[in-house]
Amino acid sequence: MKLVSKFALALSLFAVTAAPAFAQSDEKPKKEKKEKKGKEATPAAPKRNYSKPFIAAYMPVANLLNKTKDAAAAKAEFPKILAAIANDDDRYEAGILAVNIGVSAKDTALQDQGIDLLLASATTPVEMKQAYTFRKGAIAYDGKRFADAEKSMIDAFNLGYRANNIEFLISNAMSQQNKDADAIVWIGKAIAASKAAGPVNKAYVIRAANLSAKARDFAGAANFYKDLVIAENNPDYWHDALAFFNRSLNTNPEESLDLMRLMRATNGLRFQQEYAEYLDSLSYIGVRYPAEAVSVLDEGFAKGVISRNNVTFSERYNEAKARLAEDTRTLAGTIAPAKASPRAMLATLTGDSFFSHKDYKTAKDLYETALSKGPVLDKDGGNQTDRTRFRLAMAKAMLGDYAGAKADFAQITGANRKAIAEYWVIYINHLENPAPAAAPAATPAT
């Protein structure tokens with residue numbers, strides 16, 4: 001990122017203030033006219049106390065820059081002005097002239113020297129000190145002196161400077177020094193400032209997530225991306241949000257499956273390893289859900305993300321395809337026994353099979369049956385009530401019963417599933433309030 005080129009013009013315009021009174025004209029000042037009664041006099045400019053040696057040194061150099069337009073010669077003569085400085089007013093004017101010569105001569109060292117003179121002068125107004133302190137940091141950044149850039153920009157921030165995305169630049173300067181923990185704090189400030197000014201700057205959020213991931217804080221990265229998926233139903237954002245979130249959790253296969261199902265629903269599946277994880281979650285005990293396995297693999301093959309030439313995927317596909325016909329044929333006959341059984345878990349497992357076939361209505365009925373029987377316990381006595389209610393909520397979401405789905409998600413108590421449910425609710429919110437379609441392009445006039 002080149003900052004000098006971006007800010008040089010703004011600085012040069014800011015720096016070229018009115019020349020000091022002694023340099024404005026060669027004529028003797030005329031007597032001021034008396035103000036007419038009833039009219040308010042224009043406030044006089046603050047009186048400066050320039051030393052005579054300074055004035056004598058200043059004029060020839062200023063003329064080289066402003067009249068002769070010879071920045072190189074002005075730069076060569078500038079040390080004479082430095083030697084003549086006797087007070088803060090001298091120092092102030094010398095600083096402005098040094099900055100302007102430096103801009104004209106494209107000499108960042110001289111600009112830096114001029115800024116130091118301005119910052120050292122009690123004459124320099126506070127708002128100018130803010131801007132010039134920032135500029136000092138910008139020059140250092142452009143010269144890849146990131147420690148100096150960080151210090152000057154933080155000084156400017158502490159003086160009250162808030163322009164030019166300063167928080168973001170401070171974060172970048174820190175990151176360049178591998179101070180990622182501090183960089184994350186400052187990118188957080190940049191995000192807060194962006195939110196206060198309007199819609200959050202998405203580039204800041206992505207930067208914050210990447211810094212968190214670099215520090216292996218995947219939960220932090222996911223939380224930053226959560227802001228993006230709340231704001232926009234974007235498949236790319238969903239992928240990154242859920243991928244980071246997935247890495248932050250230690251999930252069992254059933255939890256992983258319902259997270260991967262959300263990634264699929266949001267069109268967020270992007271990489272081969274994600275399809276592999278999806279299949280592992282579907283088939284950690286044999287080929288449990290052949291219909292879903294075939295459907296997911298067909299999607300991956302069609303998108304070109306996975307290949308039929310990959311032995312693992314082709315074998316999984318052939319195995320699932322071989323089981324699919326029998327699974328489909330026997331499915332309807334499992335409903336009555338599941339509903340009649342005193343074992344709530346049988347209704348849950350049967351509901352899972354129907355869900356995998358995208359028969360969400362039957363799945364919903366079976367999950368409700370399971371929950372009506374009391375705690376849903378598996379064969380080992382493990383409580384699967386949360387799992388059952390979670391999938392009931394998913395089925396309702398797929399059926400368009402968004403209020404019902406959110407009500408069920410709100411009852412989830414397990415830490416992992418509760419966290420996964422938050423993302424499902426974000427997705428449901430987008431389904432309830434879809435973004436308006438983009439307006440068609442205007443037809444060119446003929």
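The values are calculated or read from the model by the stated rules, or taken from the named source; none is laboratory data. Predicted, not measured: the structure shown is a model, and the values here were computed from it. Here the Cβ positions follow ideal geometry from the backbone for every residue, glycine too, while neighbour counts run over all protein chains shown. With ligands, DNA and RNA removed, areas are computed over all heavy atoms of the protein, side chains included. Shrake-Rupley method; radii C 1.70, N 1.55, O 1.52, S 1.80 Å.
Of the residues making up segment 105-126, those that are in contact (Cβ under 8 Å) with a residue 12 or more places away in the chain and not hydrophobic (A, V, I, L, M, F, W, C) are ASP107, THR108, GLN111, ASP112, GLN113, GLY114, ASP116, SER121, THR123, THR124. What do you reckon, is LEU82 at pLDDT 90 or above, surrounded by fewer than 24 Cβ atoms within 10 Å (Cβ to Cβ) and under 19 Å from ALA71 (Cα atoms)? Judged against the criteria, LEU82 is a match.
Of everything in segment 149-187 that is in contact with a Phe, Trp or Tyr (Cβ under 8 Å, 6 or more places away or on another chain) and of a type in the set (Val, Ile, Thr), the residue that is farthest from ALA138 (Cα to Cα) is ILE187.
For segment 249-267, the criterion of being modelled with pLDDT under 95, of a type in the set (A, V, I, L, M) and open to solvent by 30 Å² or more (accessible area, probe 1.4 Å) is met by at least one residue.
If I filter segment 393-408 for residues that are in contact with an Asp or Glu (Cβ under 8 Å, 6 or more places away or on another chain), under 22 Å from GLU422 (Cα atoms) and free of Cβ contacts under 8 Å to residues at least 24 places away in the same chain, do I get at least one hit? No, every residue in segment 393-408 fails to be in contact with an Asp or Glu (Cβ under 8 Å, 6 or more places away or on another chain), under 22 Å from GLU422 (Cα atoms) and free of Cβ contacts under 8 Å to residues at least 24 places away in the same chain. Scanning segment 129-142 for residues that are open to solvent by 10 Å² or more (accessible area, probe 1.4 Å) and in contact (Cβ under 8 Å) with a residue 60 or more places away in the chain turns up ALA131, TYR141, ASP142.
Scanning segment 275-290 for residues that are assigned to a helix (DSSP H, G or I) and open to solvent by 20 Å² or more (accessible area, probe 1.4 Å) gives ALA276, GLU277, ASP280.
Going by the structure shown, is LEU211 at pLDDT 90 or above, open to solvent by less than 70 Å² (accessible area, probe 1.4 Å) and touching a Gly at 6+ places or on another chain (Cβ under 8 Å)? No; evaluated as a whole, the condition is false for this residue.
Please work out if ALA332 is open to solvent by 70 Å² or more (accessible area, probe 1.4 Å), part of a helix (DSSP H, G or I), at pLDDT 95 or above and of a type outside the set (Phe, Trp, Tyr). Yes.
Put simply, of ASN246, ASN309, ASN318 the only residue that is part of a loop (DSSP other than H, G, I, E, B) and either free of Cβ contacts under 8 Å to residues at least 60 places away in the same chain or among the basic types (Lys, Arg) (or both) is ASN309. Look at (1) within 17 Å of ASP227 (Cα to Cα); (2) touching a residue at least 24 places away in the same chain (Cβ under 8 Å) and you find that GLU167 fails only one, number (1). Among the residues making up segment 375-433, none is in a loop (DSSP other than H, G, I, E, B), within 27 Å of ALA219 (Cα to Cα) and charged (D, E, K, R). Check whether at least one residue in segment 225-234 is under 22 Å from ILE428 (Cα atoms), free of Cβ contacts under 8 Å to residues at least 12 places away in the same chain and either of a type in the set (Asp, Glu) or in a loop (DSSP other than H, G, I, E, B) (or both), and report yes or no. Yes, segment 225-234 has at least one match.
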